[in-house]
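Some notes on the structure that comes next.
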Amino acid sequence: MTRRIDVFCQVIDNLGDIGVSWRLARQLTQEHNCQVRLWVDRIESLNRLEPAVNPALQKQSVSGVDIWLCDDSLVAHDSRPLPDLVIAAFSCDLPGVYLQRLIEQRQQVDATGTGSPTLWIQLEYLSAQPWVEGFHLQPSLRSDNLKPVYFFPGFTAHTGGLIREQNIVAHASVADRSWLTQLGVPTEMVDVRRIISVFTYPDAPLEQFVQQLEQLESDSLLLIPEGIRTDLAHLDPGKFSHVHWTTIPFLRQTDYDRLLACTDLNLVRGEDSFVRAIWAGKPFIWNIYRQQEREHHHKLQAWLDRARMPDSVGKAMHQWSEGCAHPIWKKLVSGPDWYAWQQACLAHRNELISQDSLSLQLLRFYDQEN
Ligand SMILES: Cc1cn([C@H]2C[C@H](O)[C@@H](COP(=O)(O)OP(=O)(O)O[C@H]3O[C@@H](C)[C@H](O)[C@@H](O)[C@H]3O)O2)c(=O)[nH]c1=O
């Protein structure tokens, strides 16, 4: 059965909202044969992740996904019937006209006792905190008789799981470093001991990190996608003999995944790149999105506990998110600590891979409800 799905994405800041929505829309289309329409209010953000998307078009189809600009007039003139499922990514608001259609549909179903109303999913932010299990699949209470359901991504069997493609490990294991030359990395650089991808918030302590890597005997190369602001700009690369850094193009999302699979260490942030780093099965540093009242530290600790990361890694990650490269980084990226970190990342990935993916769980829930 082909399920029809509308995904709504409101781009608040950065690329996480559209990154998650685009990935989910593609997976539902390509792996589950769903007919997906992605409504997004800033198509230019999607164009950064997928250059085949034309920011000037209000309606288009790319990779099998219909992409529509979410503006009031397009929503108001939408003549398609309501879908089987509507997903509000990061629990964004649905447009008023669309909401009105859902209300009318519900009234009709209630009045006639026939048909099934569109299932409305409020897809939430990812967190490893235990409270998530209690809220997953709970209804959100409203006065208009609509019954949206909270769907929490997560790390346990009592959450909605993580977005993961079926062949993820096979893809990660065939990743080949020679591909990096296509991104402009000089051939002689591809063989350096430690290749590190860099996707951090501007206040990440990269300069301190680079100073520590310089003290190692082996060489490191940092690959920085274009447009990612770092504090390295004022450093003189000529003064470093063991650390090199270079800019690479900002990559389409599928190529970004490939990058994470062929490096040794990944510096990631936010939500989607963090999950991709987990699937790459390599050590990574998570620059968690800062929240008020240090809430992000609780979130980070919950994941560190769940992932059973070595204490030294946890300590260093907390400090990283405070803009400080803990002096133990030097030790962490070489010797026994590095080995322990690698093992912990592999074990975490392998444990999570045995769980059903988010899209599978989402569709199973839809089937149960219908
Ligand atoms: C560096 C790079 C990233 N990307 C993609 C990977 C991800 O899909 C996306 C980045 O998303 P994130 O990793 O989540 O980081 P982010 O910081 O951009 O997004 C954040 O947005 C905020 C609104 C949320 O509250 C945060 O939780 C977080 O999601 O960009 C590429 O496609 N190519 C690239 O070259």
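The values are calculated or read from the model by the stated rules, or taken from the named source; none is laboratory data. Source: prediction; values computed, not measured. Every residue, glycine among them, receives a Cβ derived from its backbone with ideal geometry; neighbour counts consider all protein chains shown.
When the helices (runs of 4 or more DSSP H) confined to region 263-326 are screened for residues that are in contact with a Leu (Cβ under 8 Å, 6 or more places away or on another chain) and without any contact (Cβ under 8 Å) to a residue 40 or more places away in the chain, those reaching at least 1 such residues are found at 272-280, 311-320. So how many residues does region 197-219 have that are away from the ligand (no atom under 16 Å from the Cβ) and aromatic (F, W, Y)? Total meeting the criteria: 1. Among the residues of region 259-318, those identified as of a type in the set (F, W, Y) and touching a Lys or Arg at 6+ places or on another chain (Cβ under 8 Å) are W279, W286, Y289. Cβ-Cβ contacts under 7 Å between residues 6 or more apart (or on different chains), taken from a first residue in region 7-19 that is near the ligand (Cβ under 6 Å from one of its atoms) to a second residue that is at pLDDT 95 or above and assigned to a helix (DSSP H, G or I), are listed as L15/S45; L15/R48; L15/L49; G16/D272; G19/L49; G19/Q253; G19/D272. All told, T29 falls short of being among the β-branched types (V, I, T) and in a loop (DSSP other than H, G, I, E, B). Within the option set L222, L232, being away from the ligand (no atom under 12 Å from the Cβ), among the hydrophobic types (A, V, I, L, M, F, W, C) and crowded, with 22+ Cβ neighbours inside 10 Å holds for one residue only, L222. Scoring L137 on the criteria (1) part of a loop (DSSP other than H, G, I, E, B); (2) over 18 Å from E369 (Cα atoms) leaves a single failure, condition (2). Pairs linking a residue in region 21-35 that is away from the ligand (no atom under 13 Å from the Cβ) to a residue that is among the basic types (K, R), with Cβ atoms under 7 Å and 6 or more positions apart or on different chains, are C34/R3; Q35/R4.
Once region 266-318 is narrowed to residues that are surrounded by fewer than 17 Cβ atoms within 10 Å (Cβ to Cβ) and of a type in the set (S, T, N, Q), the residue that is farthest from the ligand (Cβ to nearest atom) is S312. Between R101, R164, the distinction of being of a type in the set (K, R) and over 26 Å from V275 (Cβ atoms) belongs to R101 only. Going by the conditions given, is D84 among the charged types (D, E, K, R) and in contact with a strand residue (DSSP E or B) (Cβ under 6 Å, 6 or more places away or on another chain)? Considered against the rule, which asks whether it is among the charged types (D, E, K, R) and in contact with a strand residue (DSSP E or B) (Cβ under 6 Å, 6 or more places away or on another chain), D84 comes out as yes. Restricted to region 235-257, and to residues there that are more than 10 Å from the ligand (Cβ to nearest atom) and within 15 Å of V185 (Cα to Cα), the residue that is nearest to the chain's Cα centre (by Cα) is T247.
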